[in-house]
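Before any comments, here is the structure.
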Amino acid sequence: SGTMEAVLALVQKHDRSGDGTLSFGEFASLMRSLDSSGFWTDKNLQATINSTGAARDGDRLHFEALIRGVYAKAGPAATAEYAAVRSDLKQMMDSPEWDDGSYAPLLIRLAWHSSGTFCKADGSGGSNGATMRHALEAGDPENAGLGKARELMDSIKQKYAWLSYSDLWILAAYVAIEHTGGPIIKFTGGRVDAIAEKAVAPGRLPEAEHGLTDGGMKVDSEGRIEGWEKLAAHIKGVFARMGLNDREAVALLCGGHVYGRCHTEHSGYAGAWVENPTMFSNEYAADMIEDKWLAVTHDTIMPDGGQVPEEVRPAPGKRQYIDLSKFEDDDDEEERTALNAPDATDFPPGRYICVTSWCNCRELPDTNSPILGRFVTDQRLSLLCVKVFGTAVRGFADCGGWVSIVASGGTPLFVREGDLDLKALTGRYRTVAKEGAPQFNSPTGDDATGMFNSGDEFDVSEVTLAQNGNQQGSLLGRCTSIEAWVLLYSPRQGLAAEHILKGYNGRPRRPIKSQSGHQMMLVSDMVLLWDEGFRKHLQAYADDEDLLKKDFGDAFKRLTELGCPWSKDNLGECKTSIPGSVAAAHSGCPFLASSAAA
């Protein structure tokens, strides 16, 4: 077998100590017996040990960490073990139970904060250790709210006991970034969990108001809060301590703060940085430069005479900025609404594909209706009906909710690929109509026999479009468990039962909270706009999303590998790694040299 578990079982036979360790000599003997190519000299053996962090007291080696590190370094993305972990992470990423319907921002923040404690001067902190598991580091105010992320990872860790928390947290973030349209980051495993004594005390992560005048709201002619220069120096200092430059700092903030939102119960701040905080974009950089921002406190009176909107209202004693765009008239709106609406007959029901970066799915066709979820580029939907609303064309999906096919300004958001695929509509359904989903003996719908109550779930093996009878034009599904046809959708009554799509509405979707569209920036974000050294990079990313995607991927990989044995930033002298030719020749794992040759 070429799996990691097989390798571990093999090495366990040589564990004479019974404590999961090998001596250097035992390791050397094992490697040379498995691979007689001459590669495993003392120098290369020591390089392997150093690159995986497997060293222990004296000359003892923690062989599980050693194997995991070498195996991961030789190509984890291609192994069955890591593929299974990635699959499980993707399955749990989207959830209507969490902010904006996604755990991705939370997992990205977990990796960022577990890595952001690194100190290049002494090599302490960083991702190699997952020391936020311990009370000292978990209690850092900047880590408030991350307990949920660690709890989520516990369930994955229980399933894959061989994987360290240190590696799992970082891998989860990489998967989250990729899942949300961000850069694909190559993962290298081999991090080893550390004891509580290695935990980092609070004070190393960026602070949103560091150096500002205490409690003051004095701003200059450009709206900058007094003391912002000290805050900018603090941000520079945090990244310099890790060995990162200004460009990397701006890339990490522009890419990292496009995700998620702040909560007053955790940080005292409130709101999301961007309109869609679950997808990668350069909106953070572009909006910071292009929009108008106002410094606010909990008690600030807005230009319209009202209070700060609750969605972006900080707790008492906290200061942040909010986007004024929502308080200004849109001069282009009248021009857009004057456009002629497309004929609805141009967009019949059928299979549609999303052709924009993302599109909201709302409870009702009104654009002020609560958002249930979002669909992204290349996602396909079955739209059961399509209607014209003013100058917009909107369709109703089989999984529930309305999406805009053509936006009010005429921009296409979805393109029709063909007629409804009735076979694709089979599967599991959930009754959503308050009055229930009626059951019939035949697909004509003329002979009601019973009813599924709201919330009931059932399986459909066949779907048909009624051609005549009382339910003409309706979709009905054959439920084999009761040997009856069930009303799924009716042009007159609407959706009776929603199609359950894996990863979208496995649980009933609820309106995503805090969707008024207001955006905020921390004062520590705004210094990127005010500081000359930061601003030139901010402008570059506002102008070029592809550049941000590349630089964020590179910077995030470097951040999450700071302090790891294989990192170029590691204090150790040994930088040798196992040649790719050796790994490739033995199914990605050099331990299996002899068995592969056989």
Condition broken by A130, with the remaining ones in (1) under 25 Å from A251 (Cβ atoms); (2) surrounded by fewer than 20 Cβ atoms within 10 Å (Cβ to Cβ); (3) modelled with pLDDT of 95 or more satisfied: (2)
Output for segment 449-462, where each listed residue is among the hydrophobic types (A, V, I, L, M, F, W, C) and either open to solvent by 30 Å² or more (accessible area, probe 1.4 Å) or under 22 Å from P96 (Cα atoms) (or both): M451, F458
Given (1) surrounded by fewer than 20 Cβ atoms within 10 Å (Cβ to Cβ); (2) modelled with pLDDT under 90, number of the condition R509 does not satisfy: (1)
Every residue from segment 355-393 that is open to solvent by 30 Å² or more (accessible area, probe 1.4 Å) and not in a loop (DSSP other than H, G, I, E, B): W358, R362, R374, V376, R380, K387, V388, F389
Selection from segment 514-560 of residues that are surrounded by fewer than 22 Cβ atoms within 10 Å (Cβ to Cβ) and not in a helix (DSSP H, G or I): S514, Q515, S516, G517, D531, D544
Scope segment 219-252; condition open to solvent by less than 20 Å² (accessible area, probe 1.4 Å) and assigned to a helix (DSSP H, G or I); matching residues: L231, A232, I235, V238, F239, M242, A249, V250, A251, L252
Matching residues in segment 408-441 - criterion: being open to solvent by 30 Å² or more (accessible area, probe 1.4 Å), small (G, A, S) and under 19 Å from P370 (Cα atoms): S408
Boolean, F396 is within 25 Å of P508 (Cα to Cα), open to solvent by less than 60 Å² (accessible area, probe 1.4 Å) and modelled with pLDDT under 95: yes
Single match in L136, L89 (criterion: at pLDDT 95 or above, among the aliphatic types (A, V, I, L, M), open to solvent by 20 Å² or more (accessible area, probe 1.4 Å) and in a helix (DSSP H, G or I)): L136
Search result, residues across segment 512-538 that are at pLDDT below 95 and polar (S, T, N, Q): S514, Q515, S516, Q519
Index of the failed condition, Y352 passing every other in (1) under 21 Å from V463 (Cβ atoms); (2) open to solvent by 20 Å² or more (accessible area, probe 1.4 Å); (3) touching a residue at least 40 places away in the same chain (Cβ under 8 Å): (2)
Sole exception among (1) under 19 Å from H537 (Cβ atoms); (2) of a type outside the set (K, R); (3) assigned to a helix (DSSP H, G or I) for A176, by number: (1)
Top-ranked residue in segment 154-192 [being of a type in the set (A, V, I, L, M, F, W, C) and more than 29 Å from S281 (Cα to Cα); ranked as surrounded by the fewest Cβ atoms within 10 Å (Cβ to Cβ)]: A161
Residue, farthest from the chain's Cα centre (by Cα), within segment 463-500, restricted to residues that are open to solvent by 50 Å² or more (accessible area, probe 1.4 Å) and over 19 Å from M451 (Cβ atoms): N468
Matching option when the condition is modelled with pLDDT under 85, assigned to a helix (DSSP H, G or I) and open to solvent by less than 20 Å² (accessible area, probe 1.4 Å), among A149, A65, A111: A65
Residue under evaluation I49, criteria (1) modelled with pLDDT under 70; (2) surrounded by 14 or more Cβ atoms within 10 Å (Cβ to Cβ), criterion not met: (1)
Qualifying residue in segment 309-320 (condition: among the acidic types (D, E), open to solvent by 40 Å² or more (accessible area, probe 1.4 Å), under 15 Å from H518 (Cβ atoms) and at pLDDT 85 or above): yes
Residues of segment 262-301 classified as assigned to a loop (DSSP other than H, G, I, E, B) and open to solvent by 10 Å² or more (accessible area, probe 1.4 Å), total: 19
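The values are calculated or read from the model by the stated rules, or taken from the named source; none is laboratory data. Keep in mind it's a predicted model, so treat the numbers as computed, not measured. Please note: Cβ atoms are built from the backbone with ideal geometry, for glycine as well, and neighbour counts cover all protein chains shown. Remember, those area values only see protein heavy atoms, side chains included, never the ligands or the DNA or RNA. Shrake-Rupley method; radii C 1.70, N 1.55, O 1.52, S 1.80 Å.
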